[in-house]
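Please treat every number below as a calculation from the coordinates, not as lab data. As the structure is a prediction and not an experimental result, all values here were calculated from the model. Positions of Cβ are generated from backbone atoms using ideal geometry, with glycine treated the same way; all protein chains shown enter the neighbour counts.
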Amino acid sequence: MASLLFCGPKLAACGLVLSIWGVIMLAMLGIFFTTHSAVLIEDVPFTEKDMEDGPTALQNIYKLYNQVGYNCFIAAAIYVGIGFLSFCQIHLNKRKEYLVH
Amino acid sequence: MSSLFRSEEMCLVQLFFQTESAHNCISELGHLGLVQFKDLNPGVAAFQRRFVKEVKKCEEMERILRYLEKEMVKSNTVIAATKEKEMVPCARDVLELESTFEKLEQELREINRNHAALRQNLIELMDIDSLLRMTEDFFEEAESLLTYSEPPSEDSVSMTVSSHITSRRNSNSSTSGALHLSFIAGVIKQERFPAFEKVLWRLFHGNFVLRHAEMQATEELQAVRGAVKKDVFIIFVQGDHVREKIRKVCEGFRASLYSCPKTLYEPKQMSTSVMTQMEDLRMILRRTEEYRAGVLTRAAEHVQEWGSKVKKMKAIYYTLNLCNIDITQKLIVAEIWCPVSDLTLVQSALIKGSEQSGSSVTPVLNRIQTQQTPPTFNRTNTFTEGFQAIIDAYGVGTYQEINPASYTIVTFPFLFAVMFGDCGHGLVMTLFAVWVTSQAESLRKWKNELTDVVIGGRYIILLMGMFSIYTGLIYNDCFSKSFNIFGSSWCVLSMFHPHGPWQNETLHEYHHLQLNPFVPGVYSGDPYVFGIDPVWNIASNKLSFLNSFKMKMSVILGVSHMLFGVALSLVNFVHFRKFQDIFLQFVPQLIFMLSLFGYLIFLILYKWCITLRSETAPSILLLFINMMLFDYQSEHVLLYRGQVFGNNLNDQHGTDTRSSFSQHQKDEMVSMGDIFVYQAIHTIEFCLGCISNTASYLRLWALSLAHAELSEVLWRMVLQVGLKISSGMGSLMLVVLFAAFAVLTVTVLLIMEGLSAFLHALRLHWVEFQNKFYEGSGYKFTPLSFDSLLKTQQ
């Protein structure tokens, strides 16, 4: 197999730390969005149309909240993948270090 | 009792020991690391001291060791690390080590010289070898050309030829009868060749034939001489005197010339002889390298041990230079500063040392009284070391003064956290500090100055992070968002009909609405349990509220910190028995601060506790200014009923304080005018200083505001862009934008803001806190300690 190693040890370690942080923070953000937290209201992309008087106004906003929450969960899942990749790179780097000696 | 409260009590002790046991005794004291030798010969220059020759010898040995280490690094020999604590050798071992070192150095230098010479030979032989191979082709071609008398333009020449030479070959070939072509062959660097050719052309006007070809760079060639490209050239000329000219030109261009065989069979012979010579040389080179590696490996096992021995000996000789040698040359007198609580340890170390050297007389310790100021010694452990270092950076404490380091352990991270206040950032900082603390030993190996600073301050960073999480929870700020853990005390629903004034149309008409706490149900009456209410995070007048809150909080914290400093000065006065200073300095200072700033804090706290309508609430600032100007008009709104009386009491105290400063009397015969002026200046300085120092604490507000705003801007401009995309691409954008958010958080908010808050908290300690009680005019206790010596070298 050709070399699967494409980044050095430092970049891989940074990637791993970033992924762990990303997973934790994006997962928590996702939870807070799906529980419709009021503090995050400015991050939800609602428009004037969604707030028109009507029976579904509240449900519209909640739907948007859920959408953003799911986006966050998907991003967290992508970061799990990136974290796994970085971990593999670290492993390969360590092996390479032992082989050269 | 050894504690961080004040510096240790030190005593001056005279030591008498025999000259033979000197080495061992001093080495034992060095291992103990608790005594500082006083210089008993201060007037003597460095080169006039007794043991200066020995110190020079040690330095020479250190130089040889450095050379050895450099050679080892060059040849990639592994240096073994020794861990045992060796005994210091006495004077005999010094000579032995010296001779070993000199021998090793000579051997190594000789090997290197031989190696270089052999290498040079090999390069020359390789040049000759490739030269021979090229010239074979030249000669064949030349012979074939000279036998034909056809015009040369139809000839196909496989090598590169200068075009202006073809015209000349005709004339050469016409004299084919007597061909006295002599030739010169050599090797020149490829980049110099065009210039070389031009010079020859100008000199001889084309009366020569020049052929050149690039030398093939084999791998071995590259390994031996490097990646320099060289060309082989051969010049055919007529006549002998031109040879000398050409030789000079070649020397000018640093081309190396070699003698070439003339007939066709000689090249083959020469080639084979060159080959065998090269084989021999290669073998000799290999053997030399192996021998060198062997010598270095044998030395590498001991080099660290030798290094530490040499350092210890140099330290011992340096210390001996500080002592006095008795007339009879048998007794050494030394004076040391040592903590009183460690006298027994010093005694036992000396006894051990003298036993090792086999002398019969035990060293004598004699404690003497002195008027000189002892050095300041604060016993620290790895945790308190960092805090003591940042206090000592400003000034080492006077002997037996209160040590502010013990309070700094709490107040410094707290003031930092007030300015940093974000529990998300605090959490990241704490995790970073935990990682550095757990990896401290392996990180020290990087030997970078920056990492050394971070490792030295790892406990400070840990505490700063933990306190920041706490203040972040109080400010209710986590990456600029608030947590609603306990339920907000404000309720928007109650503003609507039937409780409050809002109707459905109100929402359509107005873009900004104000929650009125006097409408029943809007404000529950109980404040949020812990910290700032989360409703403020989404309020548009958040800053008006937070600014007022943080400013008042900064003033309260500042005045408390300064009052604590003034209280510490009382402890100092009691310890140094300066009772008159208590009445004439401490009490007036306290009264001044309490009457002015204590009253201000009382006003702040009172205003926070009572319920006011915001439109009619009196401003504390205006109140204070009016009090100072003695301005009471009946239409001014009063904060509380007895206010006029309270203000008058204050002013009375203030004026009393100022006058009592000038009544300071001294017992000595000094001019009263001088004292009055001095005290007046001091009084004014203290009063104005109090005001300016209190205002200086407002930086706590300023930095926390800056941090909160930066954090919010980062969220809004970076992460919110990704969150607001509701389509499927939103998650990918979120991944990228989160990475940018994380990098910017670490660089701007953690590192830059962290350093800034660190610096400002440090300044508040050094200037505003410590100028109330700290003198800082001592000198640090620097014991003779082999551990710290060896640690600093590595």
task: Write down the percent of antiparallel bridges among all DSSP beta bridges whose residues are both part of chain B, to the nearest 5.
output: 95 percent
query: Taking a ≥ b ≥ c as the square roots of the eigenvalues of the Cα gyration tensor of region A:16-98, is the shape rounded (a/c under 1.5), prolate (a/b larger than b/c) or oblate?
result: prolate
- prompt: Under 24 Å Cα-Cα from B:Lys352, which lysines qualify once same-chain neighbours fewer than 8 residues away are excluded?
  reply: B:Lys38, B:Lys83, B:Lys85, B:Lys309, B:Lys311, B:Lys312, B:Lys314, B:Lys330
task: Take B:Cys58, B:Cys11 and order them by how many other Cβ atoms sit within 10 Å, fewest up front.
output: B:Cys11, B:Cys58
- request: Calculate for chain B the 222 nm mean residue ellipticity that helices alone would give, adding -39,500 (n - 2.57) per DSSP H run of length 4 or more and normalising by residue count, nearest 500 deg cm²/dmol.
  value: -18500 deg cm²/dmol
- line: Rounded to the nearest 0.05, FRET efficiency between B:Leu755 and B:Arg66 (Cβ-Cβ, R0 41 Å) equals 0.70
Cβ-based exposure ranking for B:Ile235, B:Ile485, in which fewest neighbours within 10 Å come first: B:Ile485, B:Ile235
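Under unit Cβ charges (Lys, Arg +1; Asp, Glu -1), what dipole magnitude, rounded to 20 debye, does the protein assembly as shown have relative to its Cα centre?
With only Lys, Arg, Asp and Glu charged at Cβ, the dipole is about 1260 debye.
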Interatomic Cα distance distribution for the protein assembly as shown, bins of 20 angstrom, percent: 10, 24, 25, 22, 14, 5, 0
- line: From fewest to most C-beta neighbours within 10 Å, the residues B:Ser27, B:Ser692, B:Ser524, B:Ser357 line up as B:Ser692, B:Ser524, B:Ser357, B:Ser27
field: Reachable lysines, given that their alpha-carbon falls under 29 Å from the alpha-carbon of B:Lys189 and they are not under 8 places away in the same chain
entry: B:Lys74, B:Lys198, B:Lys229, B:Lys230, B:Lys245, B:Lys248, B:Lys262, B:Lys268
query: Under 16 Å Cα-Cα from B:Lys550, which lysines qualify once same-chain neighbours fewer than 8 residues away are excluded?
result: B:Lys542, B:Lys607
